[in-house]
1. Please work out if residue 123 is touching a strand residue (DSSP E or B) at 6+ places or on another chain (Cβ under 8 Å), under 19 Å from residue 187 (Cα atoms) and modelled with pLDDT of 95 or more.
2. In this structure, is residue 173 modelled with pLDDT under 95 and within 18 Å of residue 71 (Cβ to Cβ)?
3. Give the number of residues within the stretch 29-45 that are loosely packed, with under 10 Cβ neighbours inside 10 Å and assigned to a loop (DSSP other than H, G, I, E, B).
4. Has the stretch 79-87 got at least one residue that is surrounded by fewer than 18 Cβ atoms within 10 Å (Cβ to Cβ) and either modelled with pLDDT of 95 or more or in a strand (DSSP E or B) (or both)?
5. Pairs please, first residue from the stretch 160-178 and free of Cβ contacts under 8 Å to residues at least 40 places away in the same chain and on the phi < 0 side of the Ramachandran plot, second anywhere and part of a loop (DSSP other than H, G, I, E, B) and surrounded by 15 or more Cβ atoms within 10 Å (Cβ to Cβ), Cβ atoms under 7 Å, 6+ apart in sequence or on different chains.
């Protein structure tokens, strides 16, 4: 059974703690009779995404979960443009002050906020409603290396991320991701 989530704040931490190097930045929407204007990225904000080289727009239907992905060579930037979503993050960096911590953040496109995070953070997003999001990365998709395009199964209890849907729609590849312990055993052998 899917859980209903309601919020009027720009973002809400549903569970967990903010991770080292992660940034949540509420954005200011300037509205007038013509519509609205919102700055979505400025280099002076010093987000973990220091040098974006690719921007993508992603549409997801309700109940879709994308992730949990892991990259060691690029940072990411997530901005929900429409709908409501949950962003789940897990700190897989052994030397981080928040190693093995997780956070689940609820976002609402009507009050935009950016979530940006560095390399070594497992990440996924779940669409509560139909969503449209802007995603920036510091490496072109064509340049991803197999050893850097990793993942962990979204339902792994070791991630400690309370996704609201026990049966989301996921990609076949994501459904075949290993558990965290298996990925770590493979990476550090």
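The values are calculated or read from the model by the stated rules, or taken from the named source; none is laboratory data. Every value quoted in this text rests on a predicted model; they were computed, and no experiment measured them. Reconstructed Cβ throughout: ideal geometry from the backbone, glycine too, with neighbour counts over all protein chains shown.
1. Here the answer is yes, as residue 123 does meet what is asked.
2. So residue 173 fits the description; yes.
3. Residues that pass the stated criteria total 3.
4. First, the residues of the stretch 79-87 that are surrounded by fewer than 18 Cβ atoms within 10 Å (Cβ to Cβ): 81-82.
Imposing the further condition that a residue be either modelled with pLDDT of 95 or more or in a strand (DSSP E or B) (or both) reduces the set to 81-82.
Yes: the stretch 79-87 contains one or more residues that are surrounded by fewer than 18 Cβ atoms within 10 Å (Cβ to Cβ) and either modelled with pLDDT of 95 or more or in a strand (DSSP E or B) (or both).
5. Pairs that qualify, where the first residue is free of Cβ contacts under 8 Å to residues at least 40 places away in the same chain and on the phi < 0 side of the Ramachandran plot and the partner is part of a loop (DSSP other than H, G, I, E, B) and surrounded by 15 or more Cβ atoms within 10 Å (Cβ to Cβ), are 178/152; 178/153.
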